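The structure appears right after this line, and notes come after that.
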Amino acid sequence: MAIAQEHVQLEKLNAMDPESLLVWAWENHGARAGIFTSFQNTGCVITDMAARVAPGLRVITVDTLRLPDETYAFMDTVERHYGMTIERFQPDPERLKRMLEQHGEYLFFDSKPKQEFCCKIRKVEPNQRALRTVDVWITGLRRDQSESRKEVAKVSVVMQEERSIIKIAPLVDWTEEDVRRYIEENDVPYNPLYDMGYTSIGCKICTTPTLSWEDKRAGRWRWFNHTHEGGGAAKECGIHVGGSGI
Ligand code: SF4
């Protein structure tokens, strides 16, 4: 189905429940649709729903090669639990090697631009490569995750490298409590880092546990919190900023 026609359907899609959206993506776009997840709780719920209602849907992740050991072990658990293979997109080896030679492994401590450069090489570029393989990008974004995500649309058309693709956040209006309840009631496997105080999960060192009164993404790049560079969009890695990029 042409992307232009999909515009007409946006209103209809926005009214659908999460499972119907997954079925629609699979039935209308097949292998050109994919669930992009970093295996945080919302992505785990979407993966579980898809395993029941649209088991052919691809499950795609960006492996930055700096994920916590717990996350690598958890991905193996997910594959075993659902009998699926997760597609892992990693940084380009040459670009990664050049970055490490020029700036070292821990460049993200030096400045916000260097952290963004690291995210670009390790996350954004592999994610863009993965996005070239889909017309429907299914994400685990929720409006209650941070200030910068309050306006996220459930279904939208976004430009990706001069190409329109459909971006779907099936659980956009779910609360953290809704997600937790689904996980408990359906016995969904979840990343053990949540039981260690994490409320957002990314690369090791760059992501830390949070306190109960903090923003869910406050644990990201904490060393920037006390400068003008911290907070808001600064807690985004670039993938979901400006519709361009998990
Ligand atoms: S979160 Fe940290 S290690 Fe991971 S890509 Fe970004 S700066 Fe690099």
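Structural remarks
- FRET efficiency estimate (nearest 0.05) - Cβ-Cβ, residue 95 to residue 177, R0 45 angstrom: 0.65
- Here's the list of aspartates and glutamates a cross-link from residue 112 could span, going by alpha-carbon distance under 12 Å and ignoring same-chain residues fewer than 8 apart: 229, 236.
- Additional length obtainable on full extension of the chain from residue 12 to residue 114, 0.36 nm per residue less Cα span: 32.5 nm
- Positive-end residue of 188, 223, 138, charge dipole of the chain with Cβ unit charges: 223
- Summed side-chain charge close to residue 30 - residues other than residue 30 whose Cβ falls under 12 Å, Lys, Arg +1, Asp, Glu -1: 0
- P(r) tail, segment 3-196: Cα-Cα pairs separated by more than 27 Å, 32% of all pairs.
- Spin-label pair residue 211/residue 184, simplified geometry with 7 Å Cα→Cβ offset, distance in nm: 2.6 nm
- For residue 27 and residue 129, a Förster radius of 25 Å and the Cβ-Cβ distance give a FRET efficiency of 0.45, rounded to the nearest 0.05.
- Footprinting exposure proxy for 111, 200 (fewest neighbouring C-beta atoms within 10 Å first): 111, 200
- Out-of-range pairs (alpha-carbon distance over 26 Å; input 12/120; 97/167; 97/216; 114/204; 114/154; 97/123): 12/120; 97/167; 97/216; 114/154
- For the chain, share of DSSP beta bridges that run antiparallel, in % to the nearest 5: 35 percent
- Debye log10 I(q)/I(0) for segment 59-141, one point scatterer per Cα, at q = 0.12, 0.14, 0.19, 0.24 Å⁻¹: -0.42, -0.57, -0.94, -1.20
- Normalised contact order of segment 68-207, rounded percent, pairs of Cα under 8 Å and 6 or more residues apart: 22 percent
Quick note: the coordinates plus some simple rules give every number you see, no bench work behind them. Just so it is clear, the model here is predicted, and its values are computed rather than measured. For neighbour counting, all protein chains shown are included, and Cβ atoms are generated from backbone atoms with ideal geometry for every residue, glycine included.
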